[in-house]
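To start, the structure itself, in structure tokens.
The values are calculated or read from the model by the stated rules, or taken from the named source; none is laboratory data. Values in this document were obtained by computation on a predicted structure and should not be read as measured data. For neighbour counting, all protein chains shown are included, and Cβ atoms are generated from backbone atoms with ideal geometry for every residue, glycine included. Only protein heavy atoms, including side chains, enter the accessible area calculation; ligands, DNA and RNA are left aside. Shrake-Rupley method; radii C 1.70, N 1.55, O 1.52, S 1.80 Å.
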Amino acid sequence: MFRRQCGTLKESQHWQKVMKICIIFALFIAIYPLMAQTSDENLQQIIARLDEQSKVFATIANKVTPAVVNVSVTKKVRETERDPMYDFFGDEFFRRFFGERPPFMPRDREPEQRGLGSGVIVDPKGYILSNNHVVQGADQVTVRLADKREFPAKIIGTDEKTDIAVLKIEGTNLPFVAMGDSDKIAVGQWVLAIGNPFGLNQTVTAGIISAKGRANVGIVEYEDFIQTDAAVNPGNSGGPLVNLHGEIIGINTAIASRTGGNLGIGFAVPINMARSVMEQLIANGKVRRGWLGVRIQEITPELAKGLRLSQSQGALVTEVMKDSPAEKAGLRQDDVIVAFDGTSIYSPNQLRNLVAITAIGKKVRMEIARENRQITLEVTIGDLDRANMQEDVGDDDAGGMQPLSELGIEVREITPELARQYRLRSKSGLLITNIQPNSVAEQYGIREGSVIARVNQIKVQTMSELKASLEKEPSLVVMLLVTPRGSQYIVLPRRK
């Protein structure tokens, strides 16, 4: 009985499953045409949206490409042409037999080198933005427009520190592109790069803004690059990076590549920086940069902890130069600059670029974090070209040698003899006279000849002051070092 009952239950469950499968299959057959229709409608909608996007790109390209120019450069390079016979026998052999002017004598010649790049007309008067490295050393520059017109171009000026060049052509009905505002761009926005890669005229590529504010790339001195994955190749240099409004937001300058081709990492000079350089080159033939008179450093989490800073945003002042605009405004060492002329400061490089493009003589408000207080200072921007970068000279002091064995540093109190030996411009602080191999100090890049000005926020002139400052913080050492390159904070872990 039990088995039969069990068998009957199993059969019932089996048929229930079969019926469910049949119902599901019937429903699928019934709604499949509707599903196919809906899927097809979605596909058509997606295609329509992509088509609209491609039309936007096409409209921008048609608007901008007429003003994008091919920059052709001719340079004469002086070099010496040598005869193989002369190289084989040598100088003395030919002079012995033929006198002071032997045959096969090396001859100077000036072969021509040609280069290609890009540029963009930004003014109906014929002003063109391009790169300094495109036209540097050029004897002749020719500009060719999209409509096949060619013009000789005059180099109005170049700025090696930002890699910007301004050219000018004389012509009528010249197309041009408006410049946008690179401060308003955002990561992820669509952009187009237009230029002449590998000599292929009027090439358009699309991508997004991958990052902004790129610095420490090692390309130029003043770096604030826009990074893009729009294909940028050799020959694109000097061409525009434009937004979906058809406005220039950058001048394509460099690529990160091991092969010379595009790897999706291109860099463009922000148009606000390029515009400032262009205006000065047109007005003065050179660029005059603003000067604040401080040395600044990025705030790391370790440094913020060591200096007991309430925030890690901003630029930490490690040195205020004598008679500088910063000193006259009341800026102090250890201040943190958190805003400059209404712009929040996130990094030292950002502040440096902002100061550089600020008009000389302009009064600027700075927001400062000092001892957990927020204060406002007003500074009058100086002229970097006229700045006196000499460091202040302190008082004489003397003393003996004392090792910081846990860090691998040996220091001495500075004497006049040591100051002369190490050519120190300041006699204030403690001189590092030796760095032990494989020590913590060596690993952190500290060098002999540097001067320790502060330890854990305490000025140190003597060994007793050094000892007291080390007792203040048992877990780490925050040192302010003065080197030939300027002042810098170093955070070192203590070994117990």
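Below are the figures for this structure:
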| read-out | value |
| --- | --- |
| Identity of the residue in region 133-159, in contact with an Asp or Glu (Cβ under 8 Å, 6 or more places away or on another chain) and not basic (Lys, Arg), that ends up surrounded by the most Cβ atoms within 10 Å (Cβ to Cβ) | Val143 |
| Among residues of region 221-232, those that are farther than 16 Å from Gln189 by Cα and open to solvent by 30 Å² or more (accessible area, probe 1.4 Å), counted | 2 |
| Per-region count, region 122-132, residues assigned to a loop (DSSP other than H, G, I, E, B), open to solvent by 20 Å² or more (accessible area, probe 1.4 Å) and touching a Lys or Arg at 6+ places or on another chain (Cβ under 8 Å) | 1 |
| Tally of residues being open to solvent by 10 Å² or more (accessible area, probe 1.4 Å), within 13 Å of Gly266 (Cα to Cα) and in contact (Cβ under 8 Å) with a residue 24 or more places away in the chain across region 198-210 | 3 |
| Cβ-Cβ under 8 Å pairs, at least 6 apart or on other chains, region 353-364 side without any contact (Cβ under 8 Å) to a residue 24 or more places away in the chain and under 19 Å from Asn284 (Cα atoms), far side open to solvent by less than 40 Å² (accessible area, probe 1.4 Å) and of a type outside the set (S, T, N, Q) | Gly361/Ile381 |
| Val191, sole failed condition from (1) within 15 Å of Arg275 (Cβ to Cβ); (2) not in a loop (DSSP other than H, G, I, E, B) | (1) |
| Yes/no for Val287 being assigned to a loop (DSSP other than H, G, I, E, B), of a type outside the set (D, E, K, R), touching a strand residue (DSSP E or B) at 6+ places or on another chain (Cβ under 6 Å) and farther than 28 Å from Gly429 by Cα | yes |
| Tally, over region 310-363, of residues that are more than 21 Å from the chain's Cα centre (by Cα) and not charged (D, E, K, R) | 17 |
| Test set (1) free of Cβ contacts under 8 Å to residues at least 60 places away in the same chain; (2) over 17 Å from Ile265 (Cβ atoms) - Phe225 fails condition number | (2) |
| Identity of the residue in region 455-496, without any contact (Cβ under 8 Å) to a residue 60 or more places away in the chain and among the charged types (D, E, K, R), that ends up nearest to Gln421 (Cα to Cα) | Arg485 |
| Per-region count, region 443-481, residues of a type outside the set (A, V, I, L, M, F, W, C) and either within 11 Å of Val491 (Cβ to Cβ) or open to solvent by less than 30 Å² (accessible area, probe 1.4 Å) (or both) | 7 |
| Arg425 vs. criteria among the basic types (Lys, Arg) and either open to solvent by less than 20 Å² (accessible area, probe 1.4 Å) or within 18 Å of Arg454 (Cα to Cα) (or both) | yes |
| Filter result (buried (at least 20 other Cβ atoms within 10 Å of the Cβ) and either touching a helix residue (DSSP H, G or I) at 6+ places or on another chain (Cβ under 9 Å) or in a loop (DSSP other than H, G, I, E, B) (or both)) within region 320-344 | Val320, Met321, Ser324, Leu331, Asp335, Ile337, Phe340 |
| Residue satisfying condition, being within 28 Å of the chain's Cα centre (by Cα), of a type in the set (A, V, I, L, M, F, W, C) and modelled with pLDDT of 95 or more, within set Met389, Met366 | Met366 |
| Check on Gly400, more than 30 Å from Asp323 (Cα to Cα) and at pLDDT 85 or above | no |
